[in-house]
1. Given points 7 Å out from each Cα along the Cα-Cβ axis, report the residue 30 to residue 256 separation in nanometres with one decimal.
2. Sticking with the crude label model, points 7 Å out along Cα→Cβ, report the distance from residue 317 to residue 1 in nm, one decimal please.
3. Given a Förster radius of 45 Å and the C-beta distance between residue 275 and residue 37 as r, what FRET efficiency does 1/(1 + (r/R0)^6) yield to the nearest 0.05?
4. Quickly rank 47-59, 302-314, 66-78, 11-23 as a protection proxy: mean count of other C-beta atoms within 10 Å, highest first.
5. Based on the alpha-carbon gyration tensor of the range 1-41 and its eigenvalue square roots a ≥ b ≥ c, which shape applies: rounded if a/c is under 1.5, prolate if not and a/b is larger than b/c, or oblate?
6. Which of rounded, prolate, oblate describes the range 31-87, given a ≥ b ≥ c as roots of the alpha-carbon gyration tensor eigenvalues and a/c under 1.5 marking rounded, otherwise prolate only if a/b is larger than b/c?
7. Stretched out fully, how many nm does the piece from residue 328 to residue 351 gain, at 0.36 nm a residue minus the Cα gap?
8. Beta carbons within 10 angstrom, averaged per residue: use that to sort the peptides 204-210, 334-340, highest first.
Ligand SMILES: Nc1nc2c(ncn2[C@@H]2O[C@H](COP(=O)(O)OP(=O)(O)OP(=O)(O)O)[C@@H](O)[C@H]2O)c(=O)[nH]1
Ligand SMILES: [Mg+2]
């Protein structure tokens, strides 16, 4: 299919074309960069929402319920389930995890799982690129479910406009998570399994950690000067990447992180979560933070592409590999070191003598 036809079919909601485009991007097949490049001007419609937290916290259950609520509001929804924790949980297992039977047959819902294996470009980058394809296909919301709370999930978390951190009372993960700095990625906190003992306590712990109970400076300012209503940035008309210049953040534009309780298995608290997501999006738009976050992602994305292209160039189009080979005996004999040879290689490339 010609590139233009592919993009048109994608934007027209052709599901087989969408599935093939995602596979093309995931597997870095010929033409994937041209595809991503040509859809770039169409991006920015979808709200990207990360749902992250420890294994078994109920993320999939919550995601499925959230899909139902969003569908009832008339939004189309794509779900990307990412599993960076183990190379062994791909395929059938992951497929099982995200079956989401209640919404799987709805034509307004598209569900896709991604495992570590088969991701040639780095999971975080690939996830972002797959989200671009879904955005171009016109989905209103993209929910990105990520297991765990380590570095790779944080990277994936940076794919989202809004990140929901899901914690549970019984695991003890809660307190560890609070200490590990992972808190910083959460825009909205959810204590799921609130039907279990310890949920209230965990909520309190999170709030204390967030400085809400302790009374933080921003809340203090708002309380005394009544500035809550003045949070209007210059970007309210835009929902996309064309948002105006970021408004400088100030005390009034501080986001007060909600800490919500849910029982995902019964659908309790999910409407409130959907409202909180709308609230966060409104805050992102009004403060200019949405544009700022998207610009940060664009900067990072471009860096990644440059990085990839630079490696490609060095190892496939210059004499760098040959230069190392030429020095291999000296390296083995200890007459030079990898560090000295690396300097030689880079000097050669910079001077253009060995390109
Ligand atoms: N009691 C209780 N159980 C729940 C709740 N939400 C989910 N569960 C159960 O918790 C288990 C794990 O739920 P999942 O939705 O698969 O959790 P997950 O976080 O997606 O799990 P992974 O993707 O494997 O990390 C399932 O047996 C759910 O039925 C809840 O609010 N209360
Ligand atoms: Mg899951």
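Only the coordinates and a few stated rules stand behind these numbers; no lab work does. Treat the numbers as computed from the prediction; the structure is a model and nothing was measured. Glycine gets a Cβ as well: all are built from the backbone with ideal geometry, and neighbour counts include every protein chain shown.
1. Calculated label separation equals 5.8 nm.
2. Each label point is offset 7 Å from its Cα along the Cβ direction, giving 2.9 nm.
3. Rounded to the nearest 0.05, the efficiency is 0.75.
4. Sorting 47-59, 302-314, 66-78, 11-23 by mean packing, highest first, produces 47-59, 66-78, 11-23, 302-314.
5. oblate
6. Judged from the Cα gyration tensor, the range 31-87 comes out oblate (a/c at least 1.5, b/c at or above a/b).
7. Result for the pair: 6.1 nm of gain on full extension.
8. For the peptides 204-210, 334-340, the packing ranking is 204-210, 334-340.
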